[in-house]
1. Do you know which of the residues in region 114-124 that are open to solvent by 40 Å² or more (accessible area, probe 1.4 Å) and either in a helix (DSSP H, G or I) or touching a Ser or Thr at 6+ places or on another chain (Cβ under 8 Å) (or both) is nearest to K161 (Cα to Cα)?
2. Quick one: which of K77, K22, K69 is modelled with pLDDT of 95 or more and more than 27 Å from E191 (Cα to Cα)?
3. Pairs needed: first member in region 173-187, within 15 Å of H37 (Cβ to Cβ) and of a type in the set (A, V, I, L, M, F, W, C); second member anywhere, open to solvent by less than 20 Å² (accessible area, probe 1.4 Å) and not in a strand (DSSP E or B); C-beta distance under 8 Å; at least 6 residues apart or different chains.
4. I'd like the residue in region 12-32 that is in a helix (DSSP H, G or I) and within 13 Å of Y92 (Cβ to Cβ) and, out of all such residues, is nearest to the ligand (Cβ to nearest atom).
5. Go through (1) within 20 Å of P59 (Cα to Cα); (2) open to solvent by 40 Å² or more (accessible area, probe 1.4 Å) one by one and return the number of the condition V164 breaks.
6. Looking for whichever is touching a Pro at 6+ places or on another chain (Cβ under 6 Å), within 30 Å of R274 (Cβ to Cβ) and hydroxyl-bearing (S, T, Y) here; the options are S106, S54. Which one fits?
7. Are any residues in region 1-11 more than 22 Å from T132 (Cβ to Cβ) and either assigned to a strand (DSSP E or B) or within 17 Å of the chain's Cα centre (by Cα) (or both), and if so, which ones?
8. Counting only residues that are within 11 Å of the ligand (Cβ to nearest atom) and crowded, with 21+ Cβ neighbours inside 10 Å, which one in region 143-152 is farthest from the chain's Cα centre (by Cα)?
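The values are calculated or read from the model by the stated rules, or taken from the named source; none is laboratory data. Worth saying up front: this structure is predicted, and the values here are computed from it rather than measured. Heads up, the Cβs are rebuilt from the backbone with ideal geometry, glycines too, and the neighbour counts pull from every protein chain shown. Side chains are part of the model used for accessible areas, which takes the heavy atoms of the whole protein and leaves out ligands, DNA and RNA. Shrake-Rupley method; radii C 1.70, N 1.55, O 1.52, S 1.80 Å.
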Amino acid sequence: MLVFQTQNALQIELKKAQNQSKKIGFVPTMGALHRGHLSLLEQSISENEITVLSIFVNPTQFNNAEDLKKYPRTLEKDIALVQELNKNILIYAPTVTDIYKGNTISRSFDYDGLEHQMEGKHRPGHFDGVGTIVKKLFEIVEPTHAYFGEKDFQQLQIVKKLVVKHKIPVNVIPCEIYREPSGLAMSSRNERLSDNARNESKLIYKILLEAKDKFMLKSAKEVTEFVVREFKKHKNFTLEYFEIAEEETLLSCKRKTKNKKYRGFIAVFIEDIRLIDNISLK
Ligand code: PAF
């Protein structure tokens, strides 16, 4: 397993693979790796000859300085985990300077409105930061396939749009949400939860499952009201939003339409830690 800190060094290694037309799989992460990330890596390993994992806490996608400061950074542990999984993975763990060359700002992207929904409303500038880093990473790695978890479903749709709009030759592969046995969606942010909060956070998936059941018979508005009521009963949680939206456009569901796919999306705070999750309502 090789760890690269600069794009030049990584690209020298990747050139060899590109010259032999090898398939390159890419798993971009911000580190603090968990089972969910490892499942993305496993899928990439099984579908490509080379797998690149990037570990980079991207400053431009954080709209909150405190959140950036507190984001878990566990590079040595991450490297050890990857080594256990597979010794052929190339890890790219750059510095901010290697990526941004002293100009740590994001450019602005138009994702045909996807960026104005949910996370976009609550985290201004977030998807400009995501687009900036993902585009840069795609240009550095030139992957055949890139793997993104559905936990960040809006990010996944944004990346698909970025690739189409900027004609980037990569297949974006969605990967199902990986959950802890309690149902809590795996996230690097779970690392910051106390044992008690981690245990209580299983409520999020429980309510999402109930919402899914209710959506068979009830309207989006009624289901949303149900979710809001449920979280009001649990004082340790602060619900930021629950929204039922159509999968492709991410527009809020006003009236159910046959043949459209809907998802319930949630963002909730516990112990000042912001967790997101979503569920298919098919
Ligand atoms: O999902 C993430 O961890 C990040 O948003 C990504 C895609 C690695 C970009 O920094």
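1. H116
2. Every option except K22 fails the conditions.
3. C175/L40; I177/G36; A185/G36; A185/I204; M186/G36
4. Checking each candidate, the answer is L14.
5. Result: V164 passes all but (1).
6. One residue alone meets the criteria, S54.
7. L2, V3
8. A146
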